[in-house]
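Each remark here refers to the structure printed beneath this line.
Bear in mind that the values in this text are calculations on the coordinates, not laboratory data. All figures in this text were calculated on a predicted structure; none of them were measured in a lab. Glycine also receives a Cβ, built like all others from the backbone with ideal geometry; neighbour counts cover every protein chain displayed.
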Amino acid sequence: MKIGILNTDAVRPEFVAEFGEYPDMFSRLLLSAKPDIELITYEVVNGEYPEEIDEVDAYLITGSKLSVYDDIPWINELKQFVRKLHQVKKKTIGVCFGHQLVAEALGGKTGPATQGWCVGVHRAKLTVDASAYGLADTEFQLLSNHKDQVQQLPAGGKLLASSQACPIAMIAVDDHILSLQGHAEFDKGYALALLNMRREILGESVYQTAVHSLQQDTDHPLVARWIVDFIAK
């Protein structure tokens, strides 16, 4: 199995030595679920794309500090690529910014979350359409770090999971697109580093609640398995 990581951001320099870049985080996550996966990174921020769409078996779009509705050339180009992937029914995974971009590119809508920043460990529930992942109302927990979220499903999209803070937390489009708002690739050390960096922006109450939530267990291994199984289907 070969996965192309469409990288949409860079980790702040002061965090790279300890946590790596975003493709490194996804490599650790996915290799923990399937050690023989091959991963290739495309720096789409710099206009780097595969020469042939079938160079890899699937694509994964990472998170980013930018907003998918920003009129920025590389974001617009990535939306066009997602539409092409959808047209040929190529397996595609979106995470956070990637989740939002898939929705926006395919006719959905993304906007600022009404409650502001959604950070720390958050619990989501599977819907009745998520039978491939578990029974309806089954709960799972992931780290979150976002101030935008999907507000309207894309054309043909199915809602797979919702959380109190993020009603559209996980979606599928047909049998070839899966996207999630939560960050299964983050570890708690990196989540805490981001919280500390944004403490003043978040406000003390949000910051303290998020830091306290890091004591809870997360279901990152489960979600890693969901991703690799989805690609392998």
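Equivalent ellipsoid of the chain: semi-axes from √(5λ) of the C-alpha gyration tensor, largest first, are 24, 20, 18 Å. Using the Karplus relation 6.51 cos²θ - 1.76 cosθ + 1.60 with θ = phi - 60°, the per-residue 3J(HN,Hα) values for the range 35-48 come to x, 9, 5, 10, 10, 10, 9, 10, 7, 5, 4, 9, x, 8 Hz, with x marking Gly and Pro.
Under a crude label model (7 Å from the Cα following the beta-carbon direction), how far is Lys147 from Phe15 in nanometres? Each label point is offset 7 Å from its Cα along the Cβ direction, giving 1.5 nm. Longest span of the chain, sites excluded, free of GluC sites (Glu not before Pro) in DSSP loop with at most 14 other C-beta atoms within 10 Å? Answer from the scan: 53-233. In a reduced charge model with +1 at each Lys and Arg Cβ and -1 at each Asp and Glu Cβ, the chain shows a dipole moment near 600 debye about its Cα centre. 3J(HN,Hα) along the range 25-30, derived from phi through the Karplus expression 6.51 cos²θ - 1.76 cosθ + 1.60 where θ = phi - 60°, amounts to 5, 5, 4, 4, 5, 6 Hz, with x in place of Gly and Pro.
For the range 1-29 and the range 134-199, what is the separation of their C-alpha centers, rounded to whole Å? Value for the Cα centre distance between the two parts: 18 Å.
Under 5 Å between amide hydrogens, built in the peptide plane, is the criterion, and for Cys96 it picks out Leu180, Gln181, Gly182 among residues at least 5 positions away or on other chains.
Karplus-derived 3J(HN,Hα) values for the range 205-219, using 6.51 cos²θ - 1.76 cosθ + 1.60 with θ = phi - 60°, are 5, 5, 4, 5, 4, 5, 4, 4, 5, 5, 6, 7, 6, 10, 10 Hz; glycine and proline are entered as x.
Other residues lying with their Cβ under 13 Å from the Cβ of Met170 contribute a combined charge of 0, Lys and Arg counting +1, Asp and Glu -1.
For Thr110, the residues 5 or more places off, or on other chains, whose built amide H falls under 5 Å of its own are Gln151.
How big is the charge dipole of the range 187-229 about its Cα centre, in debye rounded to the nearest 20, if each Lys and Arg gets +1 on its Cβ and each Asp and Glu gets -1 on its Cβ?
100
Put simply, the amide H of Gly120, placed in the peptide plane, has neighbours under 5 Å in Ser144, leaving out anything fewer than 5 places away on its chain. The ranking of Leu195, Leu31 by Cβ neighbour count inside 10 Å, starting from the fewest, reads Leu31, Leu195.
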